[in-house]
Structure formats: structure tokens, C-alpha cells
Amino acid sequence: MRKTSLIEKVRLFGRSGIDIVEVLGRSTIFLFHALLGRGGIGGGFGLLLKQLHSVGVMSLVIIVVSGVFIGMVLALQGFNILSSYGSEQAVGQMVALTLLRELGPVVTALLFAGRAGSALTAEIGNMKATEQLSSLEMIGVDPLKYIVAPRLWAGFISLPLLAMIFSVVGIWGGSWVAVDWLGVYDGSYWANMQNSVTFSGDVLNGIIKSIVFAFVVTWIAVFQGYDCEPTSEGISRATTKTVVYASLAVLGLDFILTALMFGDF
Amino acid sequence: MQNRTVEIGVGLFLLAGILALLLLALRVSGLSASPAADTYKLYAYFDNIAGLTVRAKVTMAGVTIGKVTAIDLDRDSFTGRVTLQLDKKVDNLPTDSTASILTAGLLGEKYIGISVGGEEALLKDGSTIHDTQSSLVLEDLIGKFLLNTVSKDAK
Amino acid sequence: MSADNAYAVELKGLSFKRGTRSIFNNVDIRIPRGKVTGIMGPSGCGKTTLLRLMGMQLRPTAGEVWVNGQNLPTLSRSDLFDARKHMGVLFQSGALFTDLDVFENVAFPLRVHTQLSEEMIRDIVLLKLQAVGLRGAIDLMPDELSGGMKRRVALARAIALDPQILMYDEPFVGQDPIAMGVLVRLIRLLNDALGITSIVVSHDLAETASIADYLYVVGDGQVLGQGTPEELMNADNPRIRQFMTGDPDGPVPFHFPAADYRSDLLGKR
């Protein structure tokens, strides 16, 4: 009995390994068909526009509000720490670098996974549960082209834009606290920032990060919806998975990307 | 009708994104339209550059006139060679100008300050500043100070 | 071209497994062209799976699926989507696109597959909606329709491209008697008027038998019997008889397989 249970454990371990590889394979084929298969984005520009609206524009409010607050908090905290070294004029530089390199791409991606990603999963899962995807297939329309591709592209386009908007409003929020409230000289807030922030190093790397995050988060969200069990529990489980997997993927990738970009190797 | 609002919304969203990129480029990172067009290069050798980093600013009389673009070790003289990129507008530096590594505040960042000499000849693109003053290393300073007190006591 | 032209759909030696569980084992089914064919069987025997296999939404483990002279499992992804233009499916829930109104739902196949002008599309949509008696509901959204109406709109959408084969997945489930009567009449009417091949998958015996020209009874992953409704009513096979007469107990047992009742009651846990 003992012996079989040990073998059984090994078997289950192997089983889960096979499952993981299988899901990875399926999701890659899924992505490949959706993006590179015949016919480009089904339904053309109109569908993409609609998705840009529901994925991008609808996430704008939460991104802007969070951006302002995070910028303000950063300025407040930074001011407290920096003023003990007498260099509170560097607060602009600190806010800008933190936002551009890290918080902009990462927090935007996390918020995006929660706001747009879960909605994408639920929407596609619901279409699957109500047989709308099957119905499309039988009408002779590839749901990967018609439903999945526009959503993928909308995510790829929206998230980097949202991340940049997040950083800008964050820096603006920081200047509001630091300059207007705490009395840092306006000129040194911006000049210190401009001296230390480089376009190719900081801004561009931040954008590259957000592009990678956009790819991963949207892919996970859309695949989870498409792959979910077509029941109410299946959809809610898939939605949870989207948020959890996407967040973990973003944080893990962020470390790798940061090490590649700013670590010295 | 509904289509119109969607289109306007997306249009504004895309515009906001582009505007954000422009702001990041121009206002935040201070990228100018033609960054590398009107600069020239100078070299300076320091015995110790400790703490100086690439992108540190180069100032003259407190005004930023350029930045450090590269730092490497000269194999022959075992000194640190710093490449400076200076504004073309400041092209009238005498050859005996002094470059020194300074610190902003007590613990602030390191930067290079240039003070003018009196020669007629001017530094050109690619020439070297010979008169340099190295970074003040706190440990050395303390070491010297201690040594002085010790030798004073010995007397 | 091994498919006989008298048959619109032919399943040859079809097997399908889900995981290790065998759903169908070496099934042969031939659907005659231009007729209404019923596929019947108890719930959970894989009738809907069979329909999905015919539309190649599921890939069979083994066997051939010939539709209109094409063996579907051998087709490429894009050829498959072309082949499906000749098939219409009415799904159990109707599966209307919830973000489009009734008109756009019916117009959808026309918009994606044809280059027709807007007036032409409008005319065709009105024609199809008239056929299912819902021309007046043209501006409603799917969630404003009753279950029966949804199915009729979905039917109008399924016939928008004038398919050669029309499949119905449990069309009578959860319908009130009036809606059921309407659907029964519609299926027969559309079949005769448009000259299409209809496949009705259902466990509603009376309704299916009343419109079907030919019936298949499936169960246990096999075809238990086939024939005209009259032939099946008088079949010798006890399993078919049980299904056709609706006996609660018989070859399909009332009790789920269990240990002996006595020993279960008296035995210790």
C-alpha cells in the first residue's frame, strides 16, 4: 500500500508536468492561429476599434486615478527620505525614475489584468458557454480571427499607451505634491528629472517592459477565456486564473527584464 | 450614433497615448530634437574617478555644458580616461583649462567641473585636458588626517 | 469521392474518445439527402457530441466523416471553414450573438460571406425572418426574446446562407407546447420548401418521430437501431423498445450500478 502510494505520487507529479506542457503547447498554437493564420484580423478595423474602446478606453479612468495617487505618494515618501539628506530637490528625479522604470509598466499591467484581462476572460468564456463560439465556427467564421485576434491586438496596443499615460499623470501628481504643496522649487523638480532621465535608457526600457507585459497579460486573459470550461463555475475559475497567472507573470518577468536592462550583464 | 462615441473615445485614447510619449520624451527626459548634432568630444585623465558615472553632468561656473559619455581605464598610464561631450556653443575653452571631479553636497552625486585657464590656444574636438583634479576619496582624506596627527604627536 | 450521392452525411467506422472514456465505438451512420433524419437516444449518450463530430468541431479518434463528398478530418483548417458554409446548426441555446440585435444576427453570415449590397441583405433577412414568423421582432435584442423566439431567430440565421444540411441540437428541450409545435412545423416546412437535409438530434420521442423520415437510435457508443419510425416502434431489440415506449426499468436499469441493497443496509461503514 505504501509503495503504490509513492508511485502514485510520482505518477501525479508526472501527470501535472504533462498537463503544463500540454497547456503551453495549446496556448502557443492558439496564439499562432489567432495572430498569424489566414485572413488577419477578422471583421477588419471596425472590430479592433470596438475592442480598443472596451479594453483601452474603459481602463483609462482607473489608470489615471491610480497614476495620480501613486505619483503623489511617491513624492510624499521621497520628500521625507530625501529631505533628511538635504537633497529634496531630487524628488522629481526619484518620482520619474521609479515610475518610468518600474511602477508605470508594472502597476499598469496589474491593474490592466484586473480590469480588462478578467473582463476579456469572462466575455470570451461566456461566449463559449452560450455556444456563440461554436455557432461562429459553424457559420464558417473562425472565432480565433473574429473574436480572439481583435482582442489580442487591442490589448497589445492599449497597455503600453496606458502605461505611458500612467507615468505622465504620476509625474504630474508628484509635481503637484512636491512643488505646490511641499515647496520644492519648480525648476529643480523638472531640471533634476531631465538631467537624470534618459529617453533611450529609462523611457524606452519602460515602454519595452509594458509591451512585453501587454503581450503576456492579454494572451493569458484571452486564452483562459477560450480554454475555460463552458459553465458558470468554469468561467469564474478562469477569471481568477487570469488575474493570478497574469499578475505572477508580470512580476516574474519584471525581475528578469530589469536584470537584463539595468543589471550589469 | 453609438459607433461615433466609440470612435471618438478611441481617437482620444490614442491621442492621449501619443501625447504621453511626447511628454515623456521632451518634458521628462529632456530629449531635444537634435541631441548629438552640435557637440564635441574631449578627453580627461584622472588618477581616481571613484564615484563618477556615465551621464554625469559637466559644468562650468555651475552651468551644465555637457555630460560624461564614457569612462574607461587607460592601459598604459593606469589612469581613468573620461570622455566628455560638450556643447558646441562652448567651443572657446583654453588648452590649460582644469577638469575636476566634484561632489554635489556632502554625499551627492559626482560631476565634473571645468575651470578656465589662460592659454591662447583652444581645445578642439578630440583633444585632452591635461590639468585634472581627481575625486576626493573620503577614506584617503581620513587616512591623511590620521597620519598627520600621528606624525605631529611623534614630534 | 466514395460518398454515395444519395447520402448527405456519412460516418464510417467513427470512434471518439474523451480521455480514456470511449464515447463512440465504430459507428456507421448514413443521413439520406433531402430527408429529415432523427438521431435519438437517452440523455448523456453523446448525441450532441455526434453533431459536433459531423461539423468537425470535435476531431474523431478514428474513422471518416463524409459531408457533401468531402472527408472532413482530412481538410485543412481553412478548407474546413469553407465546408461549414454549407452546414447550418441550430444550437440548444440558440447561441445568438448577444451584442447584436435580431436583424444583425441574421445578417451576420451574409455580411461575412457575401459581398451583397445593404438592400439585398435587408431583403434576405426579412425573408428568413418571415419564414420563422419573427419579422416583427427585427429590432429587438436577444435578451428581449423568449427561449422559443431565440431558437427561431437562430433558425433564421442558420438558413441565411441557404445551407444544404441543417442540424438541430435538441430543438425541443425546454419549450412550451406551443413553441414546440411551431418548431416541429418549421423543421418539416423548411426541409420540404428548401429541399435541405435535416438532422434532428433529440430525446423527445413523439415530436421527433412525428417529423422524421428515418430514425437512428444510439446508446452505449453504438447504433442500437435504425429505420422508419414505424419500423422502430415494432423493433425486437428490448433496448429500443424500452426507449420507444419509455419504460422506467428494463435493459437500461432504473438503478445506478451499486452493491447489494441488503448488504449495503446491514453492513458496516
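Here are some notes:
- Here A:Phe112 fulfils each of the conditions (1) crowded, with 23+ Cβ neighbours inside 10 Å; (2) at pLDDT below 90; (3) among the aromatic types (Phe, Trp, Tyr) apart from (2).
- Criterion (surrounded by 18 or more Cβ atoms within 10 Å (Cβ to Cβ), over 19 Å from C:Thr197 (Cα atoms) and hydrophobic (A, V, I, L, M, F, W, C)) met by exactly one of C:Val9, C:Val65, C:Val36, C:Val27: C:Val27
- Residues that are surrounded by 12 or more Cβ atoms within 10 Å (Cβ to Cβ) and at pLDDT below 85 were ranked within segment B:102-115; the one that is farthest from the chain's Cα centre (by Cα) is B:Gly108.
- When segment B:87-139 is filtered for residues that are in contact with a Lys or Arg (Cβ under 7 Å, 6 or more places away or on another chain) and of a type in the set (Gly, Ala, Ser), the ones remaining, listed by number, are B:Gly126, B:Ser135.
- Breaking point among (1) at the interface with chain A (Cβ under 9 Å from one of its Cβ atoms); (2) part of a helix (DSSP H, G or I); (3) farther than 30 Å from A:Ser54 by Cα, for C:Phe81: (3)
- Filter result for A:Val203 (away from every other protein chain (no Cβ under 14 Å) and among the β-branched types (Val, Ile, Thr)): no
- Annotation: of all residues in segment A:219-243 being under 21 Å from A:Ser158 (Cβ atoms) and β-branched (Val, Ile, Thr), the one that is farthest from the chain's Cα centre (by Cα) is A:Thr239.
- Taking (1) within 14 Å of another protein chain (Cβ to nearest Cβ); (2) touching a Leu at 6+ places or on another chain (Cβ under 6 Å); (3) more than 22 Å from A:Ala214 (Cβ to Cβ) in turn, A:Ile63 satisfies each apart from (3).
- Filter result (among the charged types (D, E, K, R) and within 12 Å of another protein chain (Cβ to nearest Cβ)) within segment B:36-66: B:Arg55, B:Lys57
- Restricting the search to helices (runs of 4 or more DSSP H) fully inside segment A:174-265 and requiring at least 2 residues that are modelled with pLDDT of 90 or more, surrounded by fewer than 18 Cβ atoms within 10 Å (Cβ to Cβ) and small (Gly, Ala, Ser) gives A:232-262.
- In segment C:99-113, the count of residues that are surrounded by fewer than 18 Cβ atoms within 10 Å (Cβ to Cβ) and within 22 Å of the chain's Cα centre (by Cα) is zero.
- Taken together, the residues in segment C:165-183 that are at pLDDT 85 or above and of a type outside the set (Phe, Trp, Tyr) amount to 4.
- Selection count, segment C:12-65, where residues are in contact (Cβ under 8 Å) with a residue 60 or more places away in the chain, basic (Lys, Arg) and farther than 20 Å from A:Ser134 by Cα: 2
- Helices (runs of 4 or more DSSP H) wholly inside segment A:77-142 containing at least 3 residues that are more than 14 Å from chain C (Cβ to nearest Cβ) and more than 19 Å from A:Val222 (Cβ to Cβ): A:91-97, A:104-112
Residues checked against (1) of a type in the set (Gly, Ala, Ser); (2) surrounded by fewer than 24 Cβ atoms within 10 Å (Cβ to Cβ):
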position: A:Val64; (1), (2): no, yes
position: A:Asn80; (1), (2): no, yes
position: A:Gly86; (1), (2): yes, yes
position: A:Gln89; (1), (2): no, yes
position: A:Ile124; (1), (2): no, no
position: A:Glu131; (1), (2): no, yes
position: A:Trp153; (1), (2): no, yes
position: A:Leu159; (1), (2): no, no
position: A:Gly170; (1), (2): yes, no
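The values are calculated or read from the model by the stated rules, or taken from the named source; none is laboratory data. Model, not experiment: these values are computed from the prediction. Cβ atoms come from the backbone with ideal geometry, glycine included; neighbour counts cover every protein chain shown.
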